[in-house]
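Okay, structure first, notes after.
We did not get these values from a lab; they are worked out from the coordinates using the rules stated. Because the structure is a prediction, the values reported are computed rather than measured. Heads up, the Cβs are rebuilt from the backbone with ideal geometry, glycines too, and the neighbour counts pull from every protein chain shown.
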Amino acid sequence: MVVLCGCNPASRPGKANFQVSYQPLLDGILYPSLILGYNNYSGNDEFDLFEARLTPPTDNSVMRIVIDSSALNYETEIQETLGRRGEEHTYVIKPKWKYDVLRNLRQPGQIDLTFSCYLDDERVGVRNLHLSYRSVNECLLSVRDTSGELVDFKWMFCAYVNEDHTEIDSMLAAMLDQGVVNRFTGYQTKANTPQQQVRAIWYYALNRGITYSSITCTANPSKRSCTQHIRFFDEVYRYRQANCVDACVFFASIMRRIGLKPVIFVEPCHAYLGYYTDKNRKNIALLETTLTGWVNFPELERSIDSTGCIAEKQWTKITKYLTAQQQEDYLNGKSDLETLKHQVADALFDKAMNYDVDDYNSNKKYFQDPTNNQYRELDIEKLRQLVQPIQ
């Protein structure tokens, strides 16, 4: 993209005054997640990262800007024919990124990018930018501009939702074996309601032993940017840990795969999940995903001794989700462990469905206010029109 910025009569003939700058709001920090999030972005407000400026000393010069290859980008070249001399031109430059490298960056580091400018094949300037880069897990939430206003990036949460992940199909097969539903149909049939399908995902997460782990802070030195560490879908699955956003990302990825329409509600210091219970998007249900950490089924199973008795500590944890009759039936051998787990899961699911209702109703007006950057209703289906998953 070429933007003509006007005439600079003070420019001296013979000097190109070639300059390169990095987006000043980012304090010299490169965010791989932001680059990947914008990779397939189709909105009208893309956040440009690199800008070059030069003033041609002669008329109709052929300009060529070359970005040297680095650990994060391939050699990149742009070429334009310029107009009259003395007119300053500004160019947005987009490096050819090594996307596979960016997707796998798990540690911060440093990078030097070298920009060379040629006019009519004569090099007229070289500029180097030294930048810090962050882990791809670090998600940019907002940036405060020079006027003090917040530029919101919470839509980036959507980039971590990955309904195309290759592991989901095997998970769905395992969920069917649980017996909660006999198939996943989204909104197509009445036999397995959307809520019952979400209940199957819930039971799977409990059996997986996904616990709450509040890892959000990063070592980002910027005082202008607000960021958060977010685990990817496969990291939640593999390490069985999730904070509120991680768990929303995990559940939303599976919901999207089976045809449901999830929404992530973002508030100051918290996020919880919602999903439409009908294909016409008239009714929405909520789910506090962090409640999966209140009961750990793998620990429960490991605590059972050779006689079938559950350890006292684990029994105490689950009895608050069981009726007196359910407890008695298990202790008297009238129900088995699998039945007990389903009963606990159902009670906890019902609690998770109601956990955020009052909060949601109180803050609905903020979610519906597009000028309120503290509250965001992130409809994944709608945002998919702008941004694709980081894969």
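Across the range 320-328, in residue order, what do the Karplus-derived ³J(HN,Hα) couplings come to in whole Hz, using 6.51 cos²θ - 1.76 cosθ + 1.60 with θ = phi - 60° and x for Gly and Pro?
Residue by residue, the range 320-328 yields 5, 10, 10, 6, 4, 5, 5, 5, 5 Hz.
Would you please report the Å³ per residue occupied by the convex hull of the alpha carbon atoms in the range 134-277?
110
For the range 333-368, run through the trypsin sites (Lys or Arg not before Pro) and keep only the ones in DSSP coil with at most 13 other Cβ atoms within 10 Å of their Cβ.
Those satisfying the criteria are 334.
If R₀ is 25 angstrom, what is the calculated FRET efficiency for the pair residue 336 and residue 174, using the beta carbon separation as r and rounding to 0.05?
Between residue 336 and residue 174 the formula returns 0.80.
Per the Kirkwood formula on distinct C-alpha pairs, the Rh of the range 83-149 is how many angstrom?
15.8
Suppose R0 equals 45 Å; then what is the FRET efficiency for residue 149 and residue 121 from their Cβ-Cβ distance, rounded to the nearest 0.05?
So the FRET efficiency works out to roughly 0.55.
Place the peptides 152-161, 64-73, 283-292 in order of packing, highest mean first, counting for every residue the other Cβ atoms within 10 Å and averaging per peptide.
Per-residue mean Cβ counts within 10 Å order the peptides as 152-161, 283-292, 64-73.
Regarding the range 265-304, what's the average projected area of the Cα-atom convex hull, expressed in nm²?
The number I arrive at for the range 265-304 is 4.4 nm².
List the residues, sorted by chain then number, that are 5 or more residues from residue 139 or on another chain and whose placed amide H is less than 5 Å from its amide H.
Under 5 Å from the amide H of residue 139 lie the amide H atoms of 228, 229, 230, each far enough along the sequence or on another chain.
Taking only C-alpha pairs under 8 Å that are 6+ residues apart, what is the relative contact order of the chain in percent?
Answer for the chain is 17 percent.
Would you kindly state how much longer the chain becomes between residue 90 and residue 307 on full extension, computed as 0.36 nm times their sequence separation minus their alpha carbon distance, in nm to one decimal?
70.4 nm
Per-residue ellipticity at 222 nm for the chain, helices alone: DSSP H runs ≥ 4 residues times -39500 (n - 2.57), over residue total, nearest 500 deg cm²/dmol?
One gets -8500 deg cm²/dmol as the mean residue ellipticity at 222 nm.
Between the range 192-256 and the range 289-336, what is the separation of their alpha carbon centroids in Å?
When both Cα centres are located, 25 Å separates them.
Structure shown: which of 190/282; 190/261; 282/320; 223/382; 279/365; 94/261 lie over 28 Å apart, alpha-carbon to alpha-carbon?
Distance filter (> 28 Å) returns 282/320; 223/382; 94/261.
For the range 384-389, in order, what is each residue's ³J(HN,Hα) by Karplus, 6.51 cos²θ - 1.76 cosθ + 1.60 with θ = phi - 60°, in whole Hz (x at glycine and Pro)?
In residue order, the calculated couplings are 4, 6, 10, 9, 9, x Hz.
Per residue and in Å³, how big is the convex hull formed by the alpha-carbon atoms of the range 2-136?
109
On the Cα set of the chain, report Rg and Dmax in Å, please.
Both quantities, over Cα of the chain: 26.5, 96 Å.
Mind grabbing the base-10 log of I(q)/I(0) for the range 94-201 at q = 0.15 Å⁻¹? Debye formula, identical points on the C-alpha positions, no solvent, two decimal places.
For the range 94-201 at q = 0.15 Å⁻¹, log10 I(q)/I(0) is -0.93.
So who's got an amide H within less than 5 Å of the one on residue 17, skipping anything under 5 residues away but keeping other chains? H placed 1.01 Å off N, in plane.
55
Spelling out what I want: for every residue of the range 53-61, take phi, set θ = phi - 60°, compute 6.51 cos²θ - 1.76 cosθ + 1.60 (Karplus), and round to whole Hz; glycine and proline get x.
Computed from phi, the couplings for the range 53-61 are 10, 7, 10, x, x, 9, 6, 6, 6 Hz.
Which three extents, in angstrom, do the Cα atoms of the range 256-366 have along their principal axes, listed largest first?
The principal-axis extents, from largest down, are 53, 30, 26 Å.
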